[in-house]
1. Can you tell which of M134, M238 is of a type in the set (A, V, I, L, M, F, W, C), at pLDDT below 95 and outside any strand (DSSP E or B)?
2. Hey, can you tell me all the residues within segment 286-314 that are among the β-branched types (V, I, T), within 22 Å of the chain's Cα centre (by Cα) and in a helix (DSSP H, G or I)?
3. For a quick check of your reading of the model, give me the residue pairs whose first member lies in segment 176-200 and is within 15 Å of D322 (Cβ to Cβ), whose second is part of a strand (DSSP E or B) and open to solvent by 10 Å² or more (accessible area, probe 1.4 Å), with beta-carbon atoms closer than 7 Å and at least 6 apart or on different chains.
4. For R123, are the conditions met, namely being among the basic types (K, R), closer than 30 Å to L248 by Cβ and either buried (at least 21 other Cβ atoms within 10 Å of the Cβ) or at pLDDT below 95 (or both)?
5. Take residues that are modelled with pLDDT of 95 or more and either open to solvent by 40 Å² or more (accessible area, probe 1.4 Å) or of a type in the set (K, R) (or both) and tell me which of the strands (runs of 3 or more DSSP E) falling wholly in segment 137-215 contain 1 or more.
6. Pick out the one residue from S317, S294 that is within 30 Å of A51 (Cβ to Cβ) and open to solvent by 30 Å² or more (accessible area, probe 1.4 Å).
7. Working only within segment 29-45, note down all residues that are surrounded by fewer than 21 Cβ atoms within 10 Å (Cβ to Cβ) and in contact with a helix residue (DSSP H, G or I) (Cβ under 9 Å, 6 or more places away or on another chain).
8. Evaluate the following for E131: is it under 21 Å from the mean Cα position of the chain (by Cα), open to solvent by 40 Å² or more (accessible area, probe 1.4 Å) and at negative phi?
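The values are calculated or read from the model by the stated rules, or taken from the named source; none is laboratory data. All of these numbers come straight from a predicted model, not from anything done at the bench. Positions of Cβ are backbone-derived with ideal geometry, glycine not excepted, and every protein chain shown enters the neighbour counts. In case anyone asks, the SASA skips ligands and DNA or RNA and just uses the protein heavy atoms, side chains included. Shrake-Rupley method; radii C 1.70, N 1.55, O 1.52, S 1.80 Å.
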Amino acid sequence: MEFRYLGNSGFKISEITFGNWLTHGSQVENDVATQCVQAALDAGISTFDTADVYANTAAESVLGEALKGERRESIEIFTKVFWPTGPGGKNDVGLSRKHIMESINGSLSRLQTDYVDLYQAHRYDVSTPLEETMQAFADVVRQGKALYIGVSEWNAEQIRAGHALAKDLGIQLISNQPQYSMLWRVIEEEVVPASEELGLSQIVWSPLAQGVLTGKYLPGQPAPEGSRATDGKGGADMVKGWMKDDVLTGVQKLKPIAEEAGLTMAQLSIAWVLQNSNVAAAIIGASRPEQVESNVKAAGVKLEPAVMKQIDDAIGSLAERDPAKTVSPNLRDV
């Protein structure tokens, strides 16, 4: 495993980060989830990402139980706040001071820890003054409940405004967590340059485009049984935006590129996002320990410029690049 600094800080994280959206507390049984966490630890992953909204708080509880007994100082735990939790009452959503303060306490209890290493605004809240949000985050840091602050899916303008307030308040805003993959490149034009200027890193999710970049979905053929595209608990909704014949045909062109590089298509896709110098980590999920063991081999892989060009020639024209977009509609709640 290799480690990278997160933003303009002295804080290092594993460049492959384990995330439990869509799996822990919902799609896989708790014992399998624990096995996946152990596989991540065995593979050298030290950084774990979750959110209070995943499985309506259950994912945090599963992760907390799976990490119980690990030396706290040797791991990094990230969580997020914004989306509705609990019964969905009037103050159970957003980035108000009330919701942030109550949410951090709930997250810490479920995660069985006194602090999280990174506390992230899961989306931008247009209904709450940004000053209120950043002051609440500053207080969370000063109370010792979070060490650093990050955001998720904020655009360049929002990042600039949040960074300025954080600096005035004496806290560090060091990361953004956007969707990023060979098929979703919208951060490259505006978000990455702004982040580089201000000292933020990207912690990217869905580097496999919800599994499409593994090559398991073939054009004109039904999705394999047991795959995410056949999952009625929510997985199918997450992947349907990519299930187009032109996309699936383009993805198949990556297979010989991966083979020549001695990689699986999944490893190639994860390695691709890690070539971006502003990316500190790629988040991988897993429903089986073997997936962790395989995908973690993308750590430390350096793709030659010729390989990057081959990838772009194969699939670049299919990628979404519009900086006005944040996440694809079917993925808005991650």
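1. M238
2. Passing the criteria: V292, V296.
3. Pairs that qualify, where the first residue is within 15 Å of D322 (Cβ to Cβ) and the partner is part of a strand (DSSP E or B) and open to solvent by 10 Å² or more (accessible area, probe 1.4 Å), are Q179/W205; L183/E320; W184/E320; R185/E320; V186/E320.
4. yes
5. Fully inside segment 137-215 and qualifying: 146-151.
6. After ruling out the rest, the residue left standing is S294.
7. N30, V32, T34, Q35, Q38, A39, L41, D42, A43, G44
8. The answer is no for E131.
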